[in-house]
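Structure first, then comments.
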Amino acid sequence: MLNPEVTNPKTVTDSHGISGSGLKLIALITMLLDHIGAILVVSQGPYYTLRLIGRIAFPIFCFLLVEGFLHTKNLSKYALRLFLFALISEIPFDLAFYHTVFYPDSQNVFFTLFIGLLVISCNRSLNDALKNKPGILLICRAAVIAAGMGIAWYLKTDYSYTGVLAISLLNEFRNNRTIATVNACFFLFLLSPMEISAFACIPLIRAYNGKRGLSLKYVFYVFYPVHLLILYLISLWYFS
């Protein structure tokens, strides 16, 4: 059952633990290893090792997306930035994974994050509009999540409908990070057995101290398309 969204939840901070930038760096490194495995490695042993390590990245990015949603001062700019980089990243994504400029059957992960952001944003608006009608609110919130999942499935985005569901669960149960992350990872695992290693992100997210850390606002946005393009160019040389 979906939890009603708590408006302006109190952020717990701690001088210890992992900052937001620390989580982001972990996600970037594990994502890079994952993509090295997917694009460059052909040996089965190293391939599966790298891909399993890489499963840690996506739920962390989803968690950071929810944190960004809760703390952004301009939601419209946040959403626009995700959408623009989804467009910018599509050609590097298609080149790296499918060796073509345009591959309609798979879209990059920025589209999934963008759709997930729209879903949790709509549900926050619904919470404000229907807070005195809990039954209708529950149905409407579930319908918004289902619609977002359907759009991701139709567009064939990376992580598809389960990615949008994972974002929604991390938002719905954000007041208990363990429950939120376990639920998100469980549904990712249903997408693919290889997602079993995504559960390794749970202690990392639990260790989040609520602090921003280093200013890495645009690092992920730029890193994603650039590293895919570099890996594609390396693959041209490596497999020539």
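The values are calculated or read from the model by the stated rules, or taken from the named source; none is laboratory data. Note that the structure is a prediction, hence the values are computed from the model and not measured. Because the Cβ atoms are built from the backbone with ideal geometry, glycine has one as well, and the counts that use them run over all protein chains shown. To get the accessible areas, we keep the full protein, side chains included, count just its heavy atoms, and leave off ligands, DNA and RNA. Shrake-Rupley method; radii C 1.70, N 1.55, O 1.52, S 1.80 Å.
One line per residue, one yes/no per condition, for (1) in contact (Cβ under 8 Å) with a residue 60 or more places away in the chain; (2) under 19 Å from residue 17 (Cα atoms); (3) out of contact with any helix residue (DSSP H, G or I) (no Cβ under 9 Å at 6 or more places or on another chain):
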residue: 137; (1), (2), (3): yes, no, no
residue: 168; (1), (2), (3): no, no, no
residue: 212; (1), (2), (3): yes, yes, no
residue: 218; (1), (2), (3): no, no, no
residue: 227; (1), (2), (3): yes, no, no
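Flag: residue 164 does not match the condition of being surrounded by fewer than 16 Cβ atoms within 10 Å (Cβ to Cβ) and of a type outside the set (Gly, Ala, Ser). Taking the criterion of being more than 16 Å from residue 168 (Cβ to Cβ), in a helix (DSSP H, G or I) and either without any contact (Cβ under 8 Å) to a residue 24 or more places away in the chain or open to solvent by less than 50 Å² (accessible area, probe 1.4 Å) (or both), the residues of the stretch 62-78 that qualify are 75, 76, 77, 78.
The stretch 168-240 holds helices (runs of 4 or more DSSP H) entirely within its bounds, and those carrying 3 or more residues that are over 22 Å from residue 97 (Cβ atoms), at pLDDT 95 or above and open to solvent by less than 70 Å² (accessible area, probe 1.4 Å) map to 177-191, 202-206.
Residues that are in contact with a Ser or Thr (Cβ under 6 Å, 6 or more places away or on another chain) and open to solvent by less than 30 Å² (accessible area, probe 1.4 Å) were ranked within the stretch 141-158; the one that is farthest from residue 109 (Cα to Cα) is 145.
When the stretch 12-54 is filtered for residues that are open to solvent by 40 Å² or more (accessible area, probe 1.4 Å) and assigned to a loop (DSSP other than H, G, I, E, B), the ones remaining, listed by number, are 12, 13, 14, 15, 16, 17, 42, 43. Selection of first residues in the stretch 178-199 that are without any contact (Cβ under 8 Å) to a residue 60 or more places away in the chain and of second residues that are open to solvent by 70 Å² or more (accessible area, probe 1.4 Å), restricted to Cβ pairs under 7 Å at least 6 apart or on distinct chains, gives the following pairs, ordered by first then second residue: 178/206; 189/196.
The condition of being small (Gly, Ala, Ser) and open to solvent by less than 10 Å² (accessible area, probe 1.4 Å) does not hold for residue 129.
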